[in-house]
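The values are calculated or read from the model by the stated rules, or taken from the named source; none is laboratory data. Keep in mind that this is a model prediction, so the values were computed, not measured. A quick note on method: Cβ atoms are made from the backbone with ideal geometry, for glycine too, and the neighbour counts reach across all protein chains shown.
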Amino acid sequence: MASLEALAVAEKQKKLSYRIKQNKASYIMIAPYFILFFLFTIAPVLISIGLSFTYFNMLEAPTFVGWDNYIRLILEDDIFLIALKNTLLFAVITGPISYFLCLLFAWIINEFSGKLRALLTLVFYAPSIVGNAYLVWNIILTGDRYGYLNGILLKLDIINEAKLWMQTEKYILPILIIVQLWLSLGTGFLAFIAGLQTVDRSLYEAAALDGVKNRWQELWYVTLPAMKPQLMFGAVMQITQSFAVADISINLAGNPSINYAGATVVTHLLDYGSTRFEMGYASAIATVLFLLMVGTNKFVQKILRRVGE
Amino acid sequence: MAASNKSWKYFFKPKPTKLNRSRAGNGLLFTLMIIFGLFMVLPLVMIVNNALKPLDELFQFPPKIFVRNPTLENFTDLFVLMNDTWVPFSRYILNTIIITVGGTAGHVIIASLAAYPLAKHNFPGKNILFSMVILSMMFSWTVTQIPNYMIISWLHINNTYLALILPAWQFGMGLYLMKQFMEQLPDSLMESARLDGASEYKIFWTIVMPNVKPAWLTLAIFQFQQMWGNTGGMFLRDEELKPLQYALQQITAGGTARAGASAAVTFIIAAIPITFFLICQSNILETMTTSGMKE
């Protein structure tokens, strides 16, 4: 009898409606966050995808145009292709390099002792939080003799006349990449430093007994596999960041930059979205960017899952 | 030989349980650190030095990185400029305080409130909701800015502080970090309170929140960093609603005539977030230890 009753209760507990009722408090607690999350994150993504199939200028109601925006993007919009090329170049270079630098510096910093480690962490992390103060690079890159870079290179006789750094097509992208790298040791970097500090010491002792000879082997065989979760988190941070580059391009090279050498998908999006008010077309650009970011992230997560296997 | 060994030990933490570190390796790491460290720190050094340079040194040829005759002239120039602004300068400061404090406090509260059930309860829909939050970390806000502008207009909060504050509350990384940090709290902590008849809300406020102090400090600092650079952009049109960053940007845009004041501005923009980070560094690192993504 008793077991039958227990069975009936168990049956009841399996029911979805029962479980939802049981967890009423949980739903109430998550409600404020998720209402805003749907309003400002989920809904905008869906609206953006929807609008990308329309012509919309903010004044008249959107009209459905099918794949027209996407066809125009790929077949007619030369600047989009330059922007896409720049963004991919940017992402392919700054993404992995910044990821690798985050890991390298975090690892080296972790070898130092307490106070010095805190100081080095601050020095390397600081550029990523100075906000608009990165505009100091404008002073470094000034195109006349008063620019610091020109001043130093002239003094060292490496160049013999001041270069117009941000007005010369071939310098724009490499310089933007360097500035972006300077800015890129952010949240992922902190996660790595913290992750390195939590690797279990006994793992190192065991590895030493197993014949791990030096710190490089230790890094590869012990440290990296032990901090895999942080590696995955850091990858998300660096990838998303490297695809979203726009502000530094606009502020250092201008929008539009000389021959669009500094154009990225985001600057192109801003051009159509906030200057020309072609919202349908801008949404198509945004959707392409969304797919690029999420697709790359998912792909890299898949690869990183294999570390140490 | 012995002396130099000793000095290495001063810089590198002693690791009796770890393998011997080769001196060549130490040297290599030290050199790498100095080269890249200089690259990282030089622009920051310039920000500080430029802020202290008198005008003639700012326009000196060849340019010098370090200041010769440090002065606070640039800051006094900045204060003079501040008295000239259209709306009283204190108004910009007040706006920034309202926006950052509002955005930060609200975010910490509602993200923690949502993180607790996600970390410690088991309810239908939990996994899908959390994976949506992770997905949201995989693209930047630039992707959604057009629909966001439309939604803010529909809500009729355009040109109010709320246009900046409300979207900031649902910043995905904050919820993610808080949830990961709460997960490591021992269940027994909450279980005993539950046996005493405490409600989930009471457990949240009296047991969970006091125990995750490093995490909410971290959320607050990250959120502050996000909000600090905000100029109000297209959401705030009225001059008397604009934040400090906007006013500072106007001063910097003044060109060579305002080079001194602009150097002072750059210093202030950089110094404030760095100071906050410095104060909370150890708490932030403690939070980041749990930031890892499990499969």
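It is to be established whether one or more residues within region A:223-233 are over 21 Å from B:G37 (Cα atoms), out of contact with any strand residue (DSSP E or B) (no Cβ under 7 Å at 6 or more places or on another chain), within 9 Å of chain B (Cβ to nearest Cβ) and exposed (fewer than 15 other Cβ atoms within 10 Å of the Cβ).
Within region A:223-233, none of the residues are over 21 Å from B:G37 (Cα atoms), out of contact with any strand residue (DSSP E or B) (no Cβ under 7 Å at 6 or more places or on another chain), within 9 Å of chain B (Cβ to nearest Cβ) and exposed (fewer than 15 other Cβ atoms within 10 Å of the Cβ).
If I filter region B:275-294 down to residues being hydrophobic (A, V, I, L, M, F, W, C) and in a helix (DSSP H, G or I), which single residue comes out as nearest to B:M137 (Cα to Cα)?
The qualifying residue nearest to B:M137 (Cα to Cα) is B:M288.
Quick check on B:Y149: is it modelled with pLDDT under 90, more than 27 Å from B:I207 (Cβ to Cβ) and either surrounded by fewer than 22 Cβ atoms within 10 Å (Cβ to Cβ) or not hydroxyl-bearing (S, T, Y) (or both)?
yes
Check B:K9, B:K15 and return the single one that is out of contact with any strand residue (DSSP E or B) (no Cβ under 7 Å at 6 or more places or on another chain), facing chain A (nearest Cβ under 10 Å) and either outside any helix (DSSP H, G or I) or modelled with pLDDT of 80 or more (or both).
One residue alone meets the criteria, B:K15.
Scan the helices (runs of 4 or more DSSP H) fully inside region A:124-203 and keep the ones with 2 or more residues being surrounded by fewer than 17 Cβ atoms within 10 Å (Cβ to Cβ).
In region A:124-203, A:148-155, A:169-183, A:187-198 are the helices (runs of 4 or more DSSP H) which contain 2 or more residues that are surrounded by fewer than 17 Cβ atoms within 10 Å (Cβ to Cβ).
Only residues that are part of a loop (DSSP other than H, G, I, E, B) and more than 7 Å from chain A (Cβ to nearest Cβ): list them for region B:123-140, please.
B:G125
Taking region A:103-143, which residues are within 8 Å of another protein chain (Cβ to nearest Cβ) and in contact with a Gly (Cβ under 8 Å, 6 or more places away or on another chain)?
A:L120, A:V123, A:F124, A:Y125, A:I129, A:G131, A:N132, A:I139, A:I140
Do you know which of the residues in region B:143-192 that are small (G, A, S) and touching a residue at least 12 places away in the same chain (Cβ under 8 Å) is nearest to the other protein chains (Cβ to nearest Cβ)?
That would be B:G172.
Count, please, the residues in region B:153-175 that happen to be among the hydrophobic types (A, V, I, L, M, F, W, C), buried (at least 21 other Cβ atoms within 10 Å of the Cβ) and not in a helix (DSSP H, G or I).
1
Quick check on this structure: which one of B:V41, B:V80 is out of contact with any helix residue (DSSP H, G or I) (no Cβ under 6 Å at 6 or more places or on another chain), closer than 27 Å to A:W137 by Cα and β-branched (V, I, T)?
B:V80
Any residue at all in region B:85-108 that's surrounded by fewer than 16 Cβ atoms within 10 Å (Cβ to Cβ), small (G, A, S), closer than 30 Å to A:I30 by Cβ and at pLDDT 85 or above?
yes
Which numbered condition in (1) within 13 Å of another protein chain (Cβ to nearest Cβ); (2) surrounded by 18 or more Cβ atoms within 10 Å (Cβ to Cβ); (3) not acidic (D, E) is the only one that A:L84 fails?
Condition not satisfied by A:L84: (1).
Could you check how many residues of region A:121-131 are free of Cβ contacts under 8 Å to residues at least 12 places away in the same chain and either under 15 Å from A:Q197 (Cβ atoms) or not small (G, A, S) (or both)?
3
Of these, A:S52, A:S48, which one is more than 9 Å from chain B (Cβ to nearest Cβ) and more than 27 Å from B:M178 (Cβ to Cβ)?
A:S52
Among the residues of region A:89-102, are any in a helix (DSSP H, G or I), at pLDDT below 85 and within 11 Å of chain B (Cβ to nearest Cβ)?
No, that holds for no residue.
Run down B:A270, B:A253, B:A220, B:A263 and say which single residue is buried (at least 18 other Cβ atoms within 10 Å of the Cβ) and either more than 9 Å from chain A (Cβ to nearest Cβ) or in contact with a Pro (Cβ under 8 Å, 6 or more places away or on another chain) (or both).
Only one candidate qualifies: B:A220.
Residue by residue, here is whether (1) charged (D, E, K, R); (2) within 15 Å of B:E239 (Cα to Cα) holds:
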site	(1), (2)
B:F61	no, no
B:I65	no, no
B:E73	yes, no
B:L78	no, no
B:N83	no, no
B:S90	no, yes
